[in-house]
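Asks: Handing you a structure now.
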Amino acid sequence: MLKKIIMVIVLSAVTIHLPAQSKKAGKEPVAASAEKGIWIYLGNSIPNNFSYTIERKAKNANSYDVIGKTSAAKTFSDAETLNQKWSKLFDKLDPLSNKDLQREWNYLQKNSTTDSLYADNLPVMHLIAGTAFLDTTVRKDQSYTYRISKTDASGNKVDTKETPSVAWKPSPVFPAIKTSSVKFASGKLVIEWTAKSALSMAHFNIYRSVFAKNEFKKIKVEKGFYFRNDSIVLLIIDTIGLQPAWYEYQFEPVDIYGNAGTKGAVCSGGSMMDHYAPPVTNLKATGTQKDHQIRISWKYENKKYLNGITIMRSSNFDSAFQRIATVPVSDTVYIDRVPLAGENYYYYLLLHSAQNEPVATAKVAALYYNKSEKPERPKNVVAETIKNGIRIHWEFDEPYVAGFYVYRNVNINEKFIQVSELIPAGGNVYSFTDSSKNLSGGEVYRYAVKSVSDANQLSDFSDTVSAHPDISMILNSPEHLRFRLNDGVVTLIWDDLRNSVNNMLGYEVYRKIAGEKEFISLTKTLRGTEKNFYVDSVTVPGITFEYAVSVKDIFGNESPMCNPVKVMTDKKQLPIPSGLSAITSNDKILIRWGQIEDDENLRIKIYRTTQGQKPQLIGTARSMEEEFTDSKVEKGKLYFYQLSTEDQNKNESVLSEKISVRP
């Protein structure tokens, strides 16, 4: 049977060519995702006497940008250098052999198109030929369109073409691979895997480890394939010699662009296929009631030809078993950590010996459940204010929890109430948004979080955090604003709201001159005034002011202003000059008056009248002066004089007594 299989490999090919690899490139450019970037096929014309110019445009961009140029390798040494360079970026595909590279170099010298050029590693083959370009500057999930132009020696672009839009998101579809057989003869181990179809698979890699060491390394083996009934059979021949040995193998599918799938389809085999596995006795599985552990134990009479033991587990008695561990033959106990409490788990052993297939034991069951084990409490809990609510964040990285509950209260003396449904576990950082209609913008809320185990046990409360929701509030305006006026000082009083407004910050007092549009704040501090009265001593006599008051809370909310009150301040009674006298001297009249004991900012106004005329202002003097000389008089004419005082606001006293004099 082995000879027949070897003939199939030789007749198929020395290097495998799966159906998915047989797509021939045409004249049109194509872009596809590769592991290290986007690989662009530029066209089938070999750029010996011209170059390809590659331009790129991201989705929603307005223009193309030049990202590179290509031409064919000029010398065989160039081809070798390019093979080494590009093979590192397509490491899941085999590098071109010296024979392949020499064949490609000879082809490039004699042909103008790549129509008959072929190699097992198509991406690297085209990159050496200059008919492909690898864009390694792309971003994941961003779509790109490429424009390809042939450019002659003079820089003229001709034959410009565009690729369809493509995103860098390698997503090859590989078939389900199953191990079909493992056979050994004459120092060679033949392993077969089967799949219903190749799908995107154009290549595969094999990884090998000494049994139970889990040190898998990629190996070179003879590969082949053939069709059997409705399946494709993939096979390898690993020359391992005749010395006693036992290996594990992993199968890795790869598509034509070097994108690899998940390693799997694990199987084992070696040079001791004609021996037997001993029977197992006393196979047991027992829940330990601690740390989600189940203890599996076994015994056997003879382990001379036993190579290893694989432990299989499933939550279903009949199917879905998975390998959880492979242990040395010296072990008779294994501790398994199960993902969930309160669920039955089923186990059996696979005994690896020199027989063709591993020998399976009977199945045993165990249940892990521990009601007394309290989970850890959530940590690093933070509450933040958001629009119309509060968001709570926390961290948790312990295993075996089903999720979390969030609790809330308003007062430290109140009990916490649950405000969330179960928030499922499944990460390290979690959050919950409380947008309940019961939240008030004028309230501070306290939160804590509990974790719940998969055995439905609650942890202790986390640390408590607090925040207020960003909800606009309409505060009631202060009422019954009233005033007292005493010597130009206005005292405002209103009803106190400190017992009716939650989280009150203070009051804001406003004033304006009657008739003006805008009120101006008198408090001008963040807190305003905390008392329900305010004294305004900066007034102007004779001016009517309007006053209004609002209330503020600590969250920045402010009520409308209350109904304003009007206050008319008393006019200040200015002093009236007294003790007036007048004498004539050298055709002039000297007016004198008594000292004015008052504000030095006053000034004295001097008025003069003649018979039948109104008083006319003839001069002014400062308040500390006590005389004024009127030099514009006529001899023999009778004159009358009166004085007044005036302040800086143009308020003027009544006129003094009248005196007369004739020069």
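The values are calculated or read from the model by the stated rules, or taken from the named source; none is laboratory data. Everything numeric here is computed off the predicted structure, so don't read it as measured data. So basically every Cβ, Gly included, is an ideal-geometry build from the backbone, and we count neighbours across all protein chains shown. Surface accessibility is based on the protein's heavy atoms, side chains included, excluding ligands, DNA and RNA. Shrake-Rupley method; radii C 1.70, N 1.55, O 1.52, S 1.80 Å.
Asks: Sort 361, 262 from largest to smallest accessible area, using a 1.4 Å probe on the heavy atoms of the protein chains.
Replies: Ranking 361, 262 by accessible area, largest first, yields 262, 361.
Asks: What is the distance in Å between the Cα centroid of region 478-548 and that of region 377-452?
Replies: One Cα centre to the other: 42 Å.
Asks: While we're looking at this one, here's another question. Output the 0 to 90 degree angle, nearest 10, between the alpha-carbon long axis of helix 2-12 and the longest principal axis computed from the alpha carbons of the chain.
Replies: Helix 2-12 sits at roughly 60 degrees to that axis.
Asks: Just to make sure I understand: if all protein chains stay in place, what is the order of 283, 367 by accessible area at 1.4 Å, largest first?
Replies: The residues order as 367, 283, largest area first.
Asks: Around residue 449, under 11 Å between beta carbons, what's the net of Lys plus Arg minus Asp minus Glu among the other residues?
Replies: Around residue 449, the surrounding residues sum to +1.
Asks: May I ask you to derive the relative contact order of region 162-233, considering only C-alpha pairs under 8 Å and at least 6 residues apart, and to give it as an integer percent?
Replies: After rounding, I find 25 percent.
Asks: At a Förster radius of 35 Å, what calculated FRET efficiency corresponds to the Cβ-Cβ distance of residue 58 and residue 428, to the nearest 0.05?
Replies: 0.60
Asks: Using a 1.4 Å probe on the protein heavy atoms, what percent of the accessible area of region 33-178 belongs to carbon and sulfur?
Replies: Carbon and sulfur atoms account for 46 percent of the accessible area of region 33-178.
Asks: Work out from phi, with θ = phi - 60° and the Karplus expression 6.51 cos²θ - 1.76 cosθ + 1.60, the ³J(HN,Hα) of each residue of region 542-559, listed in order in whole Hz, and give x for Gly and Pro.
Replies: Using θ = phi - 60°, the values come out as x, 9, 8, 10, 10, 10, 8, 9, 10, 10, 10, 10, 6, 9, x, 7, 9, 6 Hz.
Asks: Each residue of region 513-522 in order: what ³J(HN,Hα) in whole Hz does its phi give by Karplus 6.51 cos²θ - 1.76 cosθ + 1.60, θ = phi - 60°, with x for Gly and Pro?
Replies: Running phi through 6.51 cos²θ - 1.76 cosθ + 1.60 with θ = phi - 60° gives 6, 3, x, 7, 7, 9, 7, 10, 5, 8 Hz.
Asks: Using Cα pairs closer than 8 Å and at least 6 residues apart in sequence, work out the relative contact order for region 54-179, in percent.
Replies: Normalised by residue count, the contact order of region 54-179 is 27 percent.
Asks: Just to be sure I understand, if you calculate semi-axes √(5λ) of the Cα gyration tensor in Å for this structure, which of (1) 73, 33, 18; (2) 100, 44, 17; (3) 56, 24, 23 do you get?
Replies: (2)
Asks: Under 24 Å between alpha carbons, and skipping anything fewer than 8 positions from residue 99 in its own chain: which lysines qualify?
Replies: Those lysines meeting the cut-off are 23, 24, 74, 85, 88, 110, 218, 220, 223.
Asks: Suppose every K and R has +1 on its Cβ and every D and E has -1 on its Cβ; what is the size of the dipole of region 466-529 about the Cα centre, in Debye to the nearest 20?
Replies: Roughly 160 debye for region 466-529.
Asks: Here's a follow-up. Among 44-57, 103-116, what's the highest-first ranking by average C-beta atoms within 10 angstrom per residue?
Replies: 44-57, 103-116
Asks: So, one more: Determine the per residue accessible area of the chain with all protein chains present and a 1.4 angstrom probe, expressed in square angstrom.
Replies: Heavy-atom SASA per residue in the chain reads 54 Å².
Asks: Going 7 Å from the Cα of residue 297 in the Cα-to-Cβ direction, what parts of region 308-347 have a backbone nitrogen less than 11 Å from that spot?
Replies: Residues passing the 11 Å test: 332-334.
Asks: Leaving ligands and nucleic acids out of the surface, order 152, 141 by accessible area at 1.4 Å, largest first.
Replies: Largest accessible area first, the residues go 141, 152.
Asks: What is the distance in Å between the Cα centres of region 166-222 and region 74-100?
Replies: Cα centroid of region 166-222 versus Cα centroid of region 74-100: 24 Å apart.
Asks: In nm, to one decimal, how far is the residue 98 label point from the residue 288 one, both placed 7 Å along Cα→Cβ?
Replies: Each label point is offset 7 Å from its Cα along the Cβ direction, giving 5.7 nm.
Asks: So if each residue of separation counts as 0.36 nm, and I subtract the Cα-Cα distance between residue 537 and residue 116, what length gain in nm does that give?
Replies: Here the answer is 141.3 nm.
Asks: How much net charge surrounds residue 221 when only other residues with a Cβ under 11 Å from its Cβ are counted (Lys, Arg +1; Asp, Glu -1)?
Replies: +3
Asks: Can I ask one more? Taking 0.36 nm per residue of sequence separation and subtracting the Cα-Cα distance, how much length would be gained by fully extending the chain between residue 503 and residue 379, in nm to one decimal?
Replies: 41.7 nm
Asks: Follow-up. In region 350-458, what is the count of Lys pairs whose alpha carbons are under 30 Å apart, counting only pairs at least 8 residues apart or on separate chains?
Replies: Qualifying lysine pairs in region 350-458: 16.
Asks: I've got another one for you. Through the Karplus equation 6.51 cos²θ - 1.76 cosθ + 1.60, θ set to phi - 60°, convert the phi angles of region 166-173 into ³J(HN,Hα) values in whole Hz; use x for Gly and Pro.
Replies: Taking θ as phi minus 60°, the curve returns 9, 10, 7, 8, x, 9, x, 10 Hz for region 166-173.
Asks: Right, here's the next one. For region 359-462, what relative contact order do you get, as a whole percent, if you take Cα pairs closer than 8 Å and at least 6 residues apart?
Replies: Value for region 359-462: 36 percent.
Asks: Can you order the peptides 95-101, 285-291 by their average number of other Cβ atoms within 10 Å per residue, highest first?
Replies: Descending packing order for the listed peptides: 95-101, 285-291.
Asks: What aspartates and glutamates could a cross-link reach from residue 566, if we take a straight Cα to Cα line under 14 Å and drop same-chain neighbours fewer than 8 places away?
Replies: Counting by Cα, and skipping residues close in sequence, residue 566 has these aspartates and glutamates nearby: 516, 536, 546.
Asks: Okay, which of region 630-645 sit inside 12 Å, backbone N to the point 7 Å along the Cα-Cβ direction of residue 662?
Replies: 635-639
Asks: Moving on. Order of 374-380, 656-662 by packing, highest average Cβ count within 10 Å first?
Replies: My ranking of the peptides, most packed first, is 374-380, 656-662.
Asks: Roughly how tilted is helix 76-89, in degrees to the nearest 10 and between 0 and 90, from the longest Cα axis of the chain?
Replies: The angle comes out at about 70 degrees.
Asks: Under a Cβ-Cβ cut-off of 11 Å, what is the net charge of the residues other than residue 167 that fall near it, where Lys and Arg count +1 and Asp and Glu count -1?
Replies: Overall, the nearby charge balance is +3.
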